[in-house]
Amino acid sequence: MSVTGYSDRINHALAYAAKHHAQQVWKGNSRVPYFTYPANLAVILTRYGQDDDTVIAGVLHEVVSDCMRAGQTREMLEERVGTKFGPAVLDALLAIAERKADDDGIELSIEERKSDVVDRLAAAGERARWIVAASLLHTGGSLLADLRRTAYPETVWGRFSGEREDVVASFRRTVSRLGEVGFHAPIMAELTTVVESLERLAAESSGPAPRLAR
């Protein structure tokens, strides 16, 4: 990767993701374009010295997840993503993309899909685990920053379904799972600090977070 900026391949991925997410905004915050997610994953993964394929996979994480949730097959994604960005990128993303159904064809609920991704981290490669860690760091870090600067924390917690303790427990489960499968990259120290801070803030408040429609 050039020290003067992203490579042409990464810039291509950013442009591709920007087009895909053009009309999307963050759930619970219609002022924030969803493209901030892939852009920030690129920053995080670059900051930790990851290679182009890992950065590109991070940028395209939700593109592929959106396609999987829409019912697109691996063959369709090979044509749409694999031919443009390479099999290494697509393989990493398919390893951690949310699935509509399990290996037996049984449809998964929204919560089951998230648990399924965490369970599959054991079989996922290092690149895929980096993407999960970077995604969690961005989401958790953004939540933490918003909580620290608001006078109305309940509205921030309300971006997530369920009680705030459950939200933080989900972060903790993923961090613990990454450690269990042998992912001990430097990003884990920063990620652990963020999750511990969220746990403290959740403990300081009580009651369910307001629910927003998905």
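The values are calculated or read from the model by the stated rules, or taken from the named source; none is laboratory data. What you see is a predicted model; the values in this text were computed from it and never measured. With ideal geometry, Cβ positions are generated from the backbone for all residues, glycine too; neighbour counts draw on all protein chains shown. Quick note on the areas: whole protein, heavy atoms, side chains included, nothing else; ligands and nucleic acids left out. Shrake-Rupley method; radii C 1.70, N 1.55, O 1.52, S 1.80 Å.
Where does the chain land at 222 nm, in deg cm²/dmol rounded to the nearest 500, when only DSSP H runs of n ≥ 4 count, each adding -39500 (n - 2.57), divided by all residues?
Computed ellipticity for the chain at 222 nm equals -19000 deg cm²/dmol.
Compute the projected area of the convex hull of the Cα atoms of region 37-124, averaged over all viewing directions, and report it in nm² to one decimal place.
Averaged projected hull area, Cα only: 5.9 nm².
Between residue 176 and residue 83, what is the label-point separation in nm under the 7 Å Cα-to-beta-carbon projection?
4.5 nm
Relative to the Cα centre, what is the charge dipole magnitude of the chain, using +1 at the beta carbon of each Lys and Arg, -1 at the beta carbon of each Asp and Glu, and rounding to the nearest 20 debye?
700 debye
Going by average Cβ density within 10 Å per residue, which order do the peptides 141-154, 61-74 take, highest to lowest?
Going by the mean number of other Cβ atoms within 10 Å, highest first, we get 61-74, 141-154.
Give the peptides 119-126, 36-43 in descending order of average Cβ contacts within 10 Å, highest first.
36-43, 119-126
Given the options 183, 94, 32, identify the residue whose Cα lies farthest towards the positive end of the charge dipole of the chain (+1 on Cβ of Lys, Arg; -1 on Cβ of Asp, Glu).
Of the listed residues, the answer is 32.
When we measure straight from the Cα of residue 84, which aspartates and glutamates land under 18 angstrom away, once same-chain ones fewer than 8 places off are left out?
Excluding near neighbours in sequence, the set is 8, 51, 52, 53, 62, 66, 75.
If I take every Cα pair under 8 Å that is 6 or more residues apart in region 85-214, average their sequence separation and divide by the length, what percent do I get for the relative contact order?
Averaging sequence separation for qualifying contacts and normalising by length gives 28 percent for region 85-214.
Please give the solvent-accessible surface of residue 188 in Å², to the nearest 10, using a probe radius of 1.4 Å with every protein chain present.
Looks like 20 Å² after rounding.
Distance between Cα centroids, region 97-160 to region 51-96: provide it in whole Å.
About 17 Å separates the Cα centre of region 97-160 from the one of region 51-96.
Based on the inverse mean of 1/r over its pairs of different Cα atoms, what is the Kirkwood hydrodynamic radius of the chain, in Å?
Across the chain, the inverse of the average 1/r is 17.9 Å.
Normalised by the number of residues in region 8-154, what is the relative contact order in percent for Cα pairs under 8 Å and 6+ residues apart?
Computed over region 8-154, the figure is 22 percent.
Keeping all protein chains in position, work out how much accessible area residue 20 exposes to a 1.4 Å probe, and write it in Å² to the nearest 10.
Estimated to the nearest 10 Å², residue 20 gives 50 Å².
Which residue fluctuates the most in the chain, going by a Gaussian network model with Cα springs under 10 Å, if the choices are 167, 32, 117?
32
Excluding residue 134 itself, calculate the net charge of residues whose Cβ lies under 14 Å from the Cβ of residue 134, where each Lys or Arg counts +1 and each Asp or Glu counts -1.
-2
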